[in-house]
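The values are calculated or read from the model by the stated rules, or taken from the named source; none is laboratory data. No experiment lies behind these values; they were computed from the predicted model shown. Positions of Cβ are generated from backbone atoms using ideal geometry, with glycine treated the same way; all protein chains shown enter the neighbour counts.
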2 protein chains.
Amino acid sequence: MASKPSIPKGTRDFSPAEVAKRQYIIQTIKVNFEKFGFQPIETPSFENSETLMGKYGEEGDRLIFKILNSGDYLAKANAAHLDAKDSTKLTSSISEKALRYDLTVPFARYVVQHQNEIEFPFKRYQIQPVWRADRPQKGRFREFFQCDADVVGSKSLWQEVELVQLYDTVFTSLGLNGVTVKINNRKILSGIAEVIGASDKLIDFTVALDKLDKIGEDGVKKEMIEKGISEDAIVKVQPLFNFTGSISEKIEKLSQLLATSEEGMKGVEELRFICDKVTDLGLSTAILDLDVTLARGLNYYTGAIFEVAAPKGVAMGSIGGGGRYDDLTSIFGKPDTSGVGISFGLDRIYLVIEELNLFPETVTASSKALFVNYGDAEAFYALQAIKKLRAAGIKVELYPDKAKVGKQFQYADKRNIPFAVVIGGEEMNSNTYSLKNLVSGEQINLDFEGLKQALS
Amino acid sequence: MASKPSIPKGTRDFSPAEVAKRQYIIQTIKVNFEKFGFQPIETPSFENSETLMGKYGEEGDRLIFKILNSGDYLAKANAAHLDAKDSTKLTSSISEKALRYDLTVPFARYVVQHQNEIEFPFKRYQIQPVWRADRPQKGRFREFFQCDADVVGSKSLWQEVELVQLYDTVFTSLGLNGVTVKINNRKILSGIAEVIGASDKLIDFTVALDKLDKIGEDGVKKEMIEKGISEDAIVKVQPLFNFTGSISEKIEKLSQLLATSEEGMKGVEELRFICDKVTDLGLSTAILDLDVTLARGLNYYTGAIFEVAAPKGVAMGSIGGGGRYDDLTSIFGKPDTSGVGISFGLDRIYLVIEELNLFPETVTASSKALFVNYGDAEAFYALQAIKKLRAAGIKVELYPDKAKVGKQFQYADKRNIPFAVVIGGEEMNSNTYSLKNLVSGEQINLDFEGLKQALS
């Protein structure tokens, strides 16, 4: 191979320091998922195409990575589509499997397939990579991890309460204080659509309303009218243009605004329950906020909608999101199974923690000491100590080759190993070890117990 | 979707208990990799096809999963191959990416691509899934994890010594005492080939010799002659038919047998060094053995060859393997970079630990207690306690719905949750909690501190 080796665009190699930092985040999420009673499952990287196709809309179908059938795949290819050179139509006859696009559809498939082994309500978490043939750009990759926690089999709103607490607990554990957990409810949005008399304009409405801070009330109204929302409708939702105050004040405003909408009032009641309980139980560092413009996954969620924003001052899209969906598993033949879940955006959380310099120094800690290699006799003497240190849980290593001591120190330095253990004839004769602090340069002579204590 | 959902053959869903057990093994391997100074890297699930193709032989190329190009892939398809319906030749024009087949080739690609950021010797570990379009069978999957530790950039045999210690440490940590780490050396095999005067017959020779236990000396000799190995050659290697005794006795026999082969004697010296040092440093529970029939990956390894057999009495193929390869990165343009590494067979190790009943009970531990839900007031009272218990690191959960208490106890029971916390009006009035042991049925009334202590 003549050309320099490379990896496909949109994918990444992770260096030791990067893996360590990612693992730190994943481990923190995992520990807290389990503390909240969620159990891990794992599903295959690829699913039968029929499991995935048609679940994410036309755009989603296009972005799913398809796996070419093995062997003589053209033998079974649809001849008509092949002759017509119709790539889209040919695919299903030369590809039976596809890489998972998210963790939600495989989870729904898992629940239906294993429903007789599962105790409901089923609290599961799943932390695995997903793949999308999206155009790569800053912060958007073709392979990335999703970290999801969902409960299926119960409509209890206490779960929404606990999921807000879970967000608070995880971000607090990560030292990421002051995230905002935004909450809304699909039924509130339906209520607003009813009130403005145009459910097909709902997205345009929320998108415009979301710009209030930037373009002001007049700007928003202008945009709404341009999108075909009537002036009459805009007058009706006037309270949303001054939607400030505490959560309970906001809920009170919504309650007046949506008084005529049965579904809207149901949303108000749900919101009130969740926000009251969360407030009464208290959050450690997160801030709960009600955001009526929050409409992510509109076709998907049926109740609560969540989104998490990074602490103020950090320019970053949402670092988490989720909500209630009432009919996820019906696509696989199991109706009436309500679910609610949240997701953590690993890559963005990583960037935020990096930007705020919040990774603990110990995360990327390399070996504690490098044993310098002066030759086979010294190496053997070193490995006797190394064996005992490792048994005590201390990370240490031997430089494998007899090399100039300067080169070995330099190696330790570049690897961020803080100590070197120097062993020569003198140390071997006196059954001791010279421990050199590679930062201060200080060197002391110790017996094994002293060495062990110094490196503990 | 009418049909029952399923997953592609050769892939697996992992239930919470299975994930927990797999994670226990992976975590044990990981901790010990790091204790020995190995650092984690991760590479993308798919590589550019040119990175993988041609690296595993013709059979390997066939077993690599190819990813269909996105969009109108037929527009760029090779017209001649398309017209000829030549699946094999067409592939490269409709597929540019492929799922990784192992971790070794991506590692070699990583080392070359990032050589300027890496400090050599580079001790890396990698625990990620790989995919092979193999015919699925018992214990062979199309998606499975590999757990590899390798060092590149040094020829020091101390690394082989440490890798044997690493096997010993990991398997001892897993409670898997008495595994046999078999060792051989590619140069010994070359020496034997020289002695029998037929290097093309080497595989036939080792395969036949490996059957000594089963078919006896005469049977083996008969098979060798059938395979075209001369009687004269067989006489020369007679010592291998009585290849017993301690490792040093075996090395002594080899040293006499291979006296005329320069390469063979080099292999003897390497083996002697590794075995002597391993023996002098001592192993905790593993047994080191010299096996001259060990020839895995013959075209690949250039020095030491390792394979690990499960403890006696467990019928299972090798649960680990590895060796020294002198020229791995040259395929990507970086010659003269010697490497040595070992791999752990996660799926088989899982089966062995399961068979020997060695998974610690705590591995699959679910929540410590389920708080019974009698209604919203009780649930709120419960969540106040739950919040504090979780902050203390105790896994507890609330049954989300108000349901019959029997149903809630049954749920806890099926989830293997050992305790239920019952909260009614009495408990709320007295600011206490009734803790029920779901195994013994015993129930006691406690204040919060008592509850916390009981669940710690």
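Assorted remarks:
- Residue, farthest from B:LYS388 (Cα to Cα), within segment B:431-448, restricted to residues that are in contact (Cβ under 8 Å) with a residue 12 or more places away in the chain and of a type in the set (Ser, Thr, Tyr): B:SER434
- Single residue of segment B:229-277 satisfying the filter (under 15 Å from B:SER190 (Cβ atoms) and within 14 Å of chain A (Cβ to nearest Cβ)) that is surrounded by the most Cβ atoms within 10 Å (Cβ to Cβ): B:GLU270
- Test for B:ASP72: is it farther than 23 Å from A:SER6 by Cα, among the acidic types (Asp, Glu) and within 8 Å of chain A (Cβ to nearest Cβ): yes
- Some residue of segment A:325-332 being in a loop (DSSP other than H, G, I, E, B) and either in contact with a Cys (Cβ under 7 Å, 6 or more places away or on another chain) or crowded, with 18+ Cβ neighbours inside 10 Å (or both): no
- Answer from A:SER440, A:SER456 - the residue that is more than 22 Å from B:THR169 (Cβ to Cβ) and within 45 Å of the chain's Cα centre (by Cα): A:SER440
- Segment B:353-369 - residue that is more than 14 Å from chain A (Cβ to nearest Cβ) and part of a helix (DSSP H, G or I) and, of those, surrounded by the most Cβ atoms within 10 Å (Cβ to Cβ): B:ILE353
- Each residue in segment A:119-151 was checked for being of a type in the set (Val, Ile, Thr) and within 9 Å of chain B (Cβ to nearest Cβ), and 1 of them qualify.
- B:LYS30 fulfils the conditions (1) within 8 Å of another protein chain (Cβ to nearest Cβ); (2) more than 30 Å from A:GLY333 (Cα to Cα) except for a single criterion, (1).
- Among the residues of this structure, A:SER15 does not count as one that is among the polar types (S, T, N, Q), at the interface with another protein chain (Cβ under 7 Å from one of its Cβ atoms), out of contact with any Lys or Arg (no Cβ under 9 Å at 6 or more places or on another chain) and closer than 16 Å to B:GLY71 by Cα.
- Residue match in segment A:157-174 (condition: within 26 Å of A:THR302 (Cα to Cα), within 13 Å of chain B (Cβ to nearest Cβ) and small (Gly, Ala, Ser)): no
- The listed residue being within 30 Å of B:ALA108 (Cα to Cα) and crowded, with 17+ Cβ neighbours inside 10 Å, out of B:TYR350, B:TYR411, B:TYR374, B:TYR381: B:TYR350
- Selected residue [surrounded by 20 or more Cβ atoms within 10 Å (Cβ to Cβ), under 17 Å from the mean Cα position of the chain (by Cα) and either more than 29 Å from B:PHE33 (Cβ to Cβ) or at pLDDT 90 or above (or both)] from B:VAL152, B:VAL220, B:VAL161, B:VAL179: B:VAL179
Residues checked against (1) outside any loop (DSSP other than H, G, I, E, B); (2) farther than 20 Å from A:VAL278 by Cα; (3) away from every other protein chain (no Cβ under 11 Å); (4) not aliphatic (A, V, I, L, M):
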site	(1), (2), (3), (4)
B:VAL340	yes, yes, no, no
B:SER343	yes, yes, yes, yes
B:ASN373	no, no, no, yes
B:ALA379	yes, no, no, no
B:LEU383	yes, no, no, no
B:ARG390	yes, no, no, yes
B:ILE394	no, yes, no, no
B:ALA403	no, yes, no, no
B:ASP413	yes, yes, no, yes
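- Flag if A:VAL268 is free of Cβ contacts under 8 Å to residues at least 60 places away in the same chain and part of a helix (DSSP H, G or I): no
- For segment A:104-117, the set of residues classified as aliphatic (A, V, I, L, M) and either within 9 Å of another protein chain (Cβ to nearest Cβ) or touching a strand residue (DSSP E or B) at 6+ places or on another chain (Cβ under 7 Å) (or both) consists of A:ALA108, A:VAL111, A:VAL112, listed by residue number.
- Among the residues making up segment A:123-170, those that are among the β-branched types (Val, Ile, Thr) and part of a strand (DSSP E or B) are A:ILE127, A:VAL130, A:VAL151, A:VAL152.
- Within segment A:284-306, considering residues that are outside any loop (DSSP other than H, G, I, E, B) and of a type in the set (A, V, I, L, M), the one nearest to A:ILE251 (Cα to Cα): A:LEU290
- Any hit, segment B:84-103, residues being among the small types (Gly, Ala, Ser), under 30 Å from A:ASP401 (Cα atoms) and at the interface with chain A (Cβ under 9 Å from one of its Cβ atoms): no
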